[in-house]
Structures are given as C-alpha cells and as structure tokens.
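Heads up: the structure comes next, in structure tokens.
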Amino acid sequence: MILEGAARLFGNNIDTDLIIAARYLAETDQTELGKNLFRDLRPNFLNEMKKGDIIVAGNNFGCGSSREHAPLAIKGAGISAVVANSFARIFFRNAINVGLPIFVTSENLDSIEEGNVISVNALEGTLINKTKNKTYKFDPYPEFLLNLVEIGGLFNFTKNRLEAGAKNA
C-alpha cells in the first residue's frame, strides 16, 4: 500500500470533537460525516484539501471520545491516511476497524510543511517528503493488519471470511 498526497498539518492533542463536532453525530454515513470534518477547528479545511491528502500530526491525535465517527469523517472526506507521533489508543483501533490507514512514527515531523507532497509506503514503513527529499521511518503494519485496512476495515474483513466459509461449507 503506497499512498501519496499533500500534507495537511495538525498539532498535538487533536481530539475527536475537533475532528467531528458532537452536533453531527446523528449521522453515521462516512461521506456525510466527511462534509463536516474539522468544521470548528479549520472551517476552510475541506476547501483547501484534495482527496488523497494525508494528515500529519503530533502527539495524541484522536484523543477524547471513543466514537467511530472521527475516523469515519476523515475517511469520508477523502483523506487517505494519518501519520502522527502518537494516537489515542481507541482512535487507533477505530481507524483500523473502519479501514483508515494510520501510522505512528517516533521521528520529528516538524520539517514537513503544509502542502508538501508526501508518500507513505505501508509495507516498507517509510514516509517520504517528496518536496524536500527527506525520508522518515515508522513501524510497518503486520501483514494481517495491512490486509484488514486494504479491504476497508473489520466489517469487510469479517464479511469476506463469512462468505468464504459459506462457500467451503
């Protein structure tokens, strides 16, 4: 899995209410949720970003509530991945469950600027800033986790396994 897009920068402690405000939580469709991504934090974010862009953040991205709406909104807006120095544990799990690729790096990402073209290689565990020709490392996904994200998350993974089991029964 290789993903490429413009870097969209966020700082530390971006909580789930900043990702998708509570007033939009009656919605469960990811495309509809995506229409309000970061509405209170960066009102013009959706006009600035393009599908496939990659969020680059600091520590504790996705802290706050345990709802799945936050990774769904990110995915629904067309963000292809999130790279951060750390994630809230439940956000990390929710992101994997909904098929949103997220990667943790211990490297200092401060040299990445808004709009830099970056590429993420999930198998190699590399993030390349193509604008500045700089490479960062992260722990690549284990194969089973990569497969789960590539097929769109836990629901699709389980559905495929059940269908495969039904064919073999």
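The values are calculated or read from the model by the stated rules, or taken from the named source; none is laboratory data. As the structure is a computational prediction, the values presented were derived from the model and not from experiment. Don't worry about glycine lacking a Cβ; one is built from the backbone with ideal geometry, like all the others, and counts go over all protein chains shown. Please note that ligands, DNA and RNA were not included when accessible areas were found on the heavy atoms of the full protein model with its side chains. Shrake-Rupley method; radii C 1.70, N 1.55, O 1.52, S 1.80 Å.
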Quiz item: Which pairs do you get when a residue that is under 23 Å from Thr105 (Cβ atoms), found in segment 44-60, comes within reach of a residue that is among the small types (Gly, Ala, Ser) and part of a helix (DSSP H, G or I), reach meaning Cβ atoms under 8 angstrom, with the pair 6+ apart or on two chains?
Solution: Met49/Ala77
Quiz item: Out of all the residues in segment 34-60, which are open to solvent by 60 Å² or more (accessible area, probe 1.4 Å), assigned to a loop (DSSP other than H, G, I, E, B) and either of a type in the set (Val, Ile, Thr) or over 21 Å from Phe103 (Cβ atoms) (or both)?
Solution: Lys35, Arg39, Asp40, Leu41, Pro43, Asn44
Quiz item: In segment 61-169, which helices (runs of 4 or more DSSP H) lie fully inside it and hold 2 or more residues that are free of Cβ contacts under 8 Å to residues at least 40 places away in the same chain and either on the phi > 0 side of the Ramachandran plot or charged (D, E, K, R) (or both)?
Solution: 89-98, 154-168
Self-check item: Residues satisfying the stated conditions in segment 7-33, i.e. assigned to a helix (DSSP H, G or I), free of Cβ contacts under 8 Å to residues at least 60 places away in the same chain and open to solvent by less than 30 Å² (accessible area, probe 1.4 Å)
Solution: Ile19, Leu33
